[in-house]
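Only one structure is covered here, and it is reproduced in the block below.
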Amino acid sequence: MKIEEVKSTVKTQRIAAHSHVKGLGLDENGIPLPIAAGLVGQKNAREAAGIVVDLIKTKKMAGRALLLAGPPATGKTAIAMAIAHELGNKVPFCPMVGSEVFSSEIKKTEVLMENFRRSIGLRIRETKEVYEGEVTELTPVETENPMGGFGRTISNVVIGLKTAKGTKQLKLDPSIYESLQKEKVEVGDVIYIEANSGAVKRQGRSDTFATEFDLETEEYVPLPKGDVHKKKEVVQDVTLHDLDAANARPQGGQDVMSLLGHLVKPKKTEITDKLRLEINKVVNRYIDQGIAELVPGVLFIDEVHMLDLETFTYLHKSLESPIAPIVIFATNRGRCVIRGTDDIVSPHGIPLDLLDRLMIIRTSPYSISEMEQIIKLRAQTEGLSIEDEAITELSDIGSKSTLRYAVQLMTPAFQSAKVNGRSQITKDDITEVNSLFLDAKRSVKFLSEGSKFMK
């Protein structure tokens, strides 16, 4: 008899470059701890970032921007990600790279405006007429295909909903059946269906089925109280860009929430300024009525020196908007020519009039001991076992090249250890992979010494 263990259905999360960063690592007085929340060192930069977080939370940062400036691999992106963690997942955080604006499909300023609007959230509270309850029956009713042929079509769907107070049977349109399928609704799930738009929201599995399966991914919710047909306050967090995209191709329903019914467009097209102005009027009206609340988020633009003079001018104007998000720039350049000009040299490649608006935070190169701590953190995050001598060797390599290169060597070194029948990375594994791969400095040296094959 063959018995197999059922594997957990929890999705394996992809480990990214900054998966270990969980916050700024500050104490209750805003002082940075030596090693905390995935960050090491950069005490002045982290303390300054903590002050910026406080300004954002108290809504006193509007119209200002932040610049993280420092050499490559000194934690600029990590600090921006940490700021996003500190603000919480309800505050929009939109990362982009300066070179993204140079698209052949749409204008440069349009790319910037899209990302600006992605960074501005709207928290909508609406009282809606809904049908809510645990699904007790889900039966599609089929009829002959009116177009002829052998196929059959669904004419309607019969659904039974149960609450603590009673039950109700509903006959729904075929389009709502498609929404039920998209939400993967089955008997035993707790859902609500909006009476106005027919939108379906699955809230979870009824807790009466909690002992049915031991699935870590399943969320169990109590049986709803009251009647099946009721008025319910629905809270939804959206961005202004969501409303732009949805309103460009609207779907049934007259309320703000129904604008979110269809966000996927068949091709990338520009949203006009006229449409945005109309949406702004609607949003302002809902804010005045107390239905919605504006949540300014964070737009993070990495490699800001890649922007040109036209986009910088547009940014300068956009920062003065009353609904502008908080903008964080990052660059590793010193004095350089502003892109889009021939001879205008400026600090960080940013025009002086925009630079005058920025609060600048400097990041410094890591010491060898700090590199060792970061390498330990990365090994722990990636689930790698590594000897102390190997960590020392990696930090030495990082001091001669870059920390980023040293961290990148860990995974191939672990593969080398596995090939040699070991489960722990040793110094020999690091030495071996370092001889197989080149960092940027050694590669430049190889080219400068003259290669007849590469010119």
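The values are calculated or read from the model by the stated rules, or taken from the named source; none is laboratory data. What you see is a predicted model; the values in this text were computed from it and never measured. Heads up, the Cβs are rebuilt from the backbone with ideal geometry, glycines too, and the neighbour counts pull from every protein chain shown. Each accessible area value is taken on the protein alone, full model and side chains, heavy atoms only, with ligands, DNA and RNA left out. Shrake-Rupley method; radii C 1.70, N 1.55, O 1.52, S 1.80 Å.
Quick one: net charge around ASP429, please, counting Lys, Arg +1 and Asp, Glu -1 for every other residue with C-beta under 13 Å from its C-beta.
Neighbour charge sum, excluding ASP429 itself: -2.
Positive end of the dipole of the chain, charges at C-beta (+1 Lys, Arg; -1 Asp, Glu), about the Cα centre: which of VAL21, ALA80, THR163 has its Cα farthest in that direction?
ALA80
Pull out the extension gain between ILE31 and THR341, defined as 0.36 nm times the separation in residues minus the alpha carbon to alpha carbon distance; nm, one decimal.
107.4 nm
What does the convex hull of the Cα atoms of region 104-198 come to per residue, in Å³, rounded to a whole number?
192
How big is the Rg/Rh ratio for region 269-320, C-alpha atoms only, Rh by Kirkwood, two decimals?
Result: Rg/Rh = 1.08.
So who's got an amide H within less than 5 Å of the one on VAL97, skipping anything under 5 residues away but keeping other chains? H placed 1.01 Å off N, in plane.
Placed amide hydrogens put ASP302 under 5 Å from VAL97.
So which of LYS22/LYS182; LYS59/LYS184; LYS128/LYS281; LYS128/LYS225 end up more than 28 Å apart by C-alpha?
Cα-Cα > 28 Å for LYS22/LYS182; LYS59/LYS184; rest within.
Just to be sure I understand: of the beta bridges DSSP finds with both ends in the chain, what percent are antiparallel, rounded to 5?
So the antiparallel bridges in the chain amount to around 65 percent.
Assigning unit charges at the beta carbon (Lys, Arg +1; Asp, Glu -1) and nothing else, what dipole magnitude in debye, to the nearest 20, does region 318-433 show about its Cα centre?
For region 318-433, the charge dipole is close to 200 debye.
Specify whether the C-alpha gyration tensor of region 29-125 places it in the rounded, prolate or oblate class, a ≥ b ≥ c being the square roots of the eigenvalues: rounded for a/c under 1.5, otherwise prolate if a/b is larger than b/c and oblate if not.
The shape class here is oblate.
Can you tell me the convex hull volume per residue for region 331-394, based on C-alpha atoms, in Å³ to the nearest whole number?
139
Rank GLY334, MET410, PRO224 by how far each Cα sits towards the positive end of the charge dipole of the chain (+1 on Lys, Arg Cβ; -1 on Asp, Glu Cβ) and give me just the farthest.
Comparing the listed Cα positions along the dipole, GLY334 ranks first.
Return a whole-number percent for the relative contact order of the chain, with Cα pairs under 8 Å and 6 or more residues apart as the contact set.
It rounds to 20 percent for the chain.
Taking the Cα atoms only, what angle lies between the long axis of helix 368-382 and the longest principal axis of the chain, rounded to 10 degrees?
Computed tilt is about 30 degrees.
Using only protein heavy atoms and a 1.4 Å probe, report how much of SER364 is accessible, in Å² to the nearest 10.
Approximately 40 Å² of SER364 is accessible to the 1.4 Å probe.
Under a point-charge model restricted to the Cβ atoms of Lys and Arg (+1) and Asp and Glu (-1), what is the dipole moment magnitude of the chain relative to its Cα centre, in debye to the nearest 20?
780
Which of the residue pairs LYS43/LYS445; LYS57/LYS231; LYS90/LYS232 have a Cα-Cα distance greater than 27 Å in the structure shown?
Checking Cα-Cα distances, LYS43/LYS445; LYS57/LYS231 exceed 27 Å.
Before anything else, pin down the relative contact order of region 12-124: Cα pairs under 8 Å, at least 6 apart, normalised by residue count, whole percent.
22
Could you check the spin-label model distance between THR153 and LEU277? Points 7 Å from the Cα along Cα→Cβ, value in nm.
That separation, rounded to one decimal, is 4.2 nm.
Return the distance in nm (one decimal) between the two label points of a simple spin-label model at VAL444 and ASP207, each offset 7 Å from Cα along Cα→Cβ.
About 6.2 nm separates the two model spin labels.
At q = 0.13, 0.17 Å⁻¹, what log₁₀ I(q)/I(0) does a Debye calculation on the Cα points of region 287-370 give, no solvent, two decimals?
With no solvent term, the Cα-only Debye profile gives -0.53, -0.77.
Treating the chain as a set of equal point scatterers at the Cα positions, no solvent, please give the Debye-formula log₁₀ I(q)/I(0) at q = 0.09 Å⁻¹.
-0.84
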